[in-house]
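See structure below.
The values are calculated or read from the model by the stated rules, or taken from the named source; none is laboratory data. In this text, all values refer to a predicted model and were calculated from it rather than measured experimentally. Heads up, the Cβs are rebuilt from the backbone with ideal geometry, glycines too, and the neighbour counts pull from every protein chain shown. For accessibility, only protein heavy atoms count, side chains too; no ligands or nucleic acids. Shrake-Rupley method; radii C 1.70, N 1.55, O 1.52, S 1.80 Å.
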Amino acid sequence: AAAADLLARGGWRPDPARVLFAGSGRQAISAVVAALTRPGARLGVEELTYPVLKAIATRLGVTLVPLAMDGAGLIPEAVEEAHRAGPLHAVYVQPVLHNPLSLTMPAERLDRLADVLLRCGIHAIEDAVWAFLRDDLPPLASRAPERTVLVDSLSKRLAPGLSLGFAVAPAAVSGAVAAALRSGGWTPMGFPLEAMAQWQAVGAVETLVRAKQRQAVERQEVAERHLGDFVTRSAPGSYYRWWELPKPWRADTFVAAAARHGIAVTPAAAFAVGRHRGPHAIRLGLASPSAQTLSRALATLADLARSAPEDLAQD
């Protein structure tokens, strides 16, 4: 019941009987993919997706099928088209603050996607790990509950070391997800369960979530101050930013140049699925550094982007 209260958003609250626990959000995703697919299965994913999912699919022998996106996120018709080409066993989707693009699917788009799932008989794996930053929005699971397994995590809300994953599964697949969690050894430790329940009861989770929502906005303002002259994409409440690099920079050379300054950024290729290599872009993570360190790092990256790779080679 405490977990159901924690996961509730936008007027939606999961049935406590449908909530399963894992050791982490990644373990919850692994268990759900294992439960809904089999080796050789086709799993539809956004053409730019969470890199850990790529590793999970490789380990499970699952084929990822890239699905087209636009400015509103995953295109529902792309799911239907891919399903006609060869049955999809499931679709993995990040409707709120998509990683790495920070896109949030509008209500009309979610309604269309739910219709496609129901019409085609496809299950969705809804990754809601970052959705606590936009907890005014109801999830896809509220629109197609019998076809959606929602996965979430405690650590993003509270602290990286407090690891606990959630999977809200409809009755038809709940047993398979629970079996996958047990067989993978992905059950949670007692301490994070107790901490979650107690901190949820006294309002500590709510306090931390509101603080992180404010902090995400503040950090985006810092990023805009340093990168406003460049082509970037994000959302006010997101903890990351997508940066399409100016010519002649390529993502790989910029990543290497940033590393020489002690700054780690992620190239677009890490998120790309299949043959899609992505643009010459990088993802900036804004959450971990202190505010002062973040500002210095972004200033350094902006100066770097204004130079040319040839200039660096001559130095």
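Brief remarks on what is shown
Matching residues to (1) open to solvent by 10 Å² or more (accessible area, probe 1.4 Å); (2) in a helix (DSSP H, G or I); (3) of a type outside the set (Ser, Thr, Tyr); (4) without any contact (Cβ under 8 Å) to a residue 24 or more places away in the chain:
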| position | (1), (2), (3), (4) |
| --- | --- |
| 226 | yes, yes, yes, no |
| 241 | yes, no, yes, no |
| 257 | no, yes, yes, no |
| 262 | yes, no, yes, yes |
| 269 | yes, yes, yes, yes |
| 289 | yes, no, yes, yes |
| 298 | no, yes, yes, no |
| 303 | yes, yes, yes, yes |
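- Total residues in the range 179-207, condition touching a strand residue (DSSP E or B) at 6+ places or on another chain (Cβ under 9 Å) and open to solvent by 20 Å² or more (accessible area, probe 1.4 Å): 5
- On the stretch given as the range 224-265, residues that are touching a Pro at 6+ places or on another chain (Cβ under 7 Å) and closer than 15 Å to residue 102 by Cα total 3.
- Residue 196 at pLDDT below 95 and not acidic (Asp, Glu): no
- Elements of type strands (runs of 3 or more DSSP E) contained in the range 37-142, each with 1 or more residues being open to solvent by 10 Å² or more (accessible area, probe 1.4 Å) and more than 18 Å from residue 242 (Cβ to Cβ): 42-46, 63-67, 123-127
- Hey, residue 158 open to solvent by 10 Å² or more (accessible area, probe 1.4 Å) and modelled with pLDDT under 95 or not: yes
- Check on residue 213, under 22 Å from the mean Cα position of the chain (by Cα), modelled with pLDDT of 95 or more and within 24 Å of residue 282 (Cβ to Cβ): no
- Taking the listed residues 159, 167, 197, the one that is more than 22 Å from the chain's Cα centre (by Cα) and on the phi < 0 side of the Ramachandran plot is 197, with no other qualifying.
- Screening residue 275 with (1) surrounded by 16 or more Cβ atoms within 10 Å (Cβ to Cβ); (2) closer than 30 Å to residue 62 by Cα gives one miss only, at (1).
- Among the residues of the range 161-177, those identified as at pLDDT 95 or above, open to solvent by less than 20 Å² (accessible area, probe 1.4 Å) and hydrophobic (A, V, I, L, M, F, W, C) are 164, 166, 167, 168, 169, 173, 177.
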